[in-house]
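J.: Right, I'll just put the structure down here and ask away after.
Every number in this text was worked out from the coordinates using simple rules, so none of it is lab data. This one's a predicted model, so the numbers in the text were calculated from it and none came from an experiment. Neighbour counts are summed over all protein chains in view; Cβ atoms, including those assigned to glycine, are modelled from backbone coordinates with ideal geometry.
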Amino acid sequence: MHRPRSYRTRHPLLSLMVLVALVFLISACGTVVPTDAFVEQPTEAVDVPEGADSGEKPAGDVPDTDVPDADGPDADGLDADVPDTDVPGADVPAENAPADHTGEDLSDEDFSDADLDDAILDDVTAPRANFDGASLVNARLQGSDFRNASFRDADLSGARLNGSDFSGADFTGANLSGAHFAGAKFVGANFTNANFTGAVMPGGSVVFTDAIFANALWLDGERVCSQGSVGGCAD
């Protein structure tokens, strides 16, 4: 009797292909992940200081960064007292400021060897005052009374003597270079050995009646007045 062939026997290649497909399917699926890997793990609680969400500083010891207000209560310093920045002595003349004797009575005063550069002695009354050896460079002696005052060996270079009365004054050896004499009066004054180089004497405005100019160096810085020069420089 003829028996029909079983399916397994008749198709061995098909069975092999099914087996390979099963192996491939298992490999493609990969390793099975344990189910506990997907269980949510408990999160550790973190204490958040109260007020953290509102921008407030957490409680605790925080260093105080406020600058102490030494002069006032306002922290912003708007009303705080500002330190006095005035320079001490700003309201008083500096030590090197020129002396100002305007309008003073300097009769018989002794200024010998004094430093009076740029000093102001306008409108003063100073008969018989002593200025021997004093430095009066660029000083102002205008409209004043210097009768019989002494300026022996004094430096009056660049000084302004305009309109003052120097009658009888002694200028022996004085430096009068570049000085201004407009309207000044020198009746009987002594200019022996004085230096007049570059002095400004507007014609006819200066009075030298009986003034002595023996050996004085005249305006051009070259001409020397003769011994007998009186009332002006003579050769």
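J.: Show the residues, 5+ positions off or on another chain, whose built amide H is closer than 5 Å to the amide H of ALA159.
T.: ASN138, ALA139, ALA179, HIS180
J.: How much of the calculated P(r) for segment 99-235 lies past 23 Å, in percent of all Cα pairs?
T.: Details: 1923 of 9316 pairs.
Pairs farther apart than 23 Å: 21 percent.
J.: Extending each Cα 7 Å along its Cβ direction at ALA234 and LEU25, get the distance between those two points in nm, one decimal.
T.: Reported label-point gap for ALA234 and LEU25 is 15.6 nm.
J.: Could I ask something else about it? Relative to the present Cα-Cα distance, how much length would full extension add between ARG128 and ASP108 at 0.36 nm per residue of separation?
T.: Numbers: separation 20, 0.36 × 20 = 7.20 nm, distance 0.49 nm.
Using 0.36 nm per residue and subtracting the Cα-Cα distance, I get 6.7 nm.
J.: Can you give the extra length, in nm with one decimal, that the chain gains between ASP115 and ASP210 once fully stretched, where that is 0.36 nm per residue apart less the Cα-Cα distance? Please list the in-between numbers first.
T.: Numbers: separation 95, 0.36 × 95 = 34.20 nm, distance 3.05 nm.
Full extension of this stretch gives 31.1 nm more.
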